[in-house]
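Laboratory data are not the source of any read-out in this text; all were calculated from the coordinates shown. Not measured: the values here are computed from a predicted model. With ideal geometry, Cβ positions are generated from the backbone for all residues, glycine too; neighbour counts draw on all protein chains shown.
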Amino acid sequence: MSVLVAREAPDFTAAAAMPDGSINDGFKLSDLRGKHVILFFWPLDFTFVCPTEIIAMDHRASTFRDLGVEIVGISIDSQFTHHAWRNTAIEKGGIGPVTFPIVADVKHSIAQDYGIEHPDAGVAMRATFLIDKQGIVQHQTVNNLPLGRNIDEHLRIVEALQFFEENGEVCPAGWTKGNDAMKPTAEGVAEYLATHNTSL
């Protein structure tokens, strides 16, 4: 497994099931350069934990978009399997017409480039990458197969990154939008801890 934080996100071109129901045979990650991107992997379509994460992500998609963030999902299934899963009702184990592209990684090359292919199962682990406007990975998490993600935590990380980009102040432990941040200096740390240490 590799840590990609602070490195350029590996680019890829692959087929994808699109939000409008079409298939894009040449979806390219770098076409989203200039926007923040949440790229998230799951093991397999038509399985168990996966639809809960995808539906949770879709329920928050408008909030991500309000922050200027594009969402891209990906697994080792084909674009046709993705398309079928989108067209399966949620109450029958599908994900419904989710509002972000789902990329097909049938050769496993993207999961391998991102270093998140499961060593035994041969599927992608539950990995999430926050990529900035310059294409640099700013955050990644990787969960093993049984452990579902907290999508609200990914929203919090997006807000923290954007706060830093806009203000230059860094975000302490547990920071949420509207909370105090700190100047990245010794004086800034001292000032913050003087008034916030008991709440950490």
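Close amide H pairs (under 5 Å, H built 1.01 Å from N) link A127 with F41, N143, residues at least 5 positions away or on another chain.
Please rank F129, F164, F48, fewest neighbouring Cβ atoms within 10 Å first, as an exposure proxy. Before the final figure, lay out each step's value.
Values: F129 23, F164 16, F48 12.
Starting with the residue having the fewest Cβ neighbours, the order is F48, F164, F129.
Couplings for region 172-177, taken from phi via the Karplus curve 6.51 cos²θ - 1.76 cosθ + 1.60 with θ = phi - 60°, read x, 3, x, 4, 10, 3 Hz in order; Gly and Pro are left as x. Taking the fewest neighbouring Cβ atoms within 10 Å as the starting point, the ordered list for I116, I157, I110, I23 is I23, I157, I116, I110. Taking every C-alpha pair closer than 8 Å and separated by at least 6 residues, the mean separation divided by the residue count of region 73-200 gives a relative contact order of 13 percent. Over all pairs of different C-alpha atoms, region 55-129 has a mean inverse distance whose reciprocal, the Kirkwood radius, equals 13.4 Å. With both residues required to sit in region 13-149, DSSP beta bridges show an antiparallel share near 65%.
Length, then width, then depth: along the principal axes, the Cα atoms of the chain run 56, 34, 34 Å. Each residue of region 94-101 was assigned a 3J(HN,Hα) from its phi angle through the Karplus curve 6.51 cos²θ - 1.76 cosθ + 1.60 (θ = phi - 60°); the sequence is x, 10, x, x, 4, 9, 9, x Hz, with glycine and proline shown as x. The modelled label-to-label distance between T88 and L67, using points 7 Å beyond Cα along the C-beta direction, is 3.0 nm. The residues H139, H108, when put in order of fewest to most other Cβ atoms within 10 Å, stand as H108, H139.
What the phi angles of region 150-161 give under the Karplus curve with 6.51, -1.76 and 1.60, with θ = phi - 60°, is a coupling list of 9, 5, 4, 5, 5, 4, 4, 5, 4, 5, 5, 4 Hz, glycine and proline written as x. A full extension of the chain between R33 and V5 corresponds to an added length of 8.4 nm, given 0.36 nm per residue minus the alpha carbon distance.
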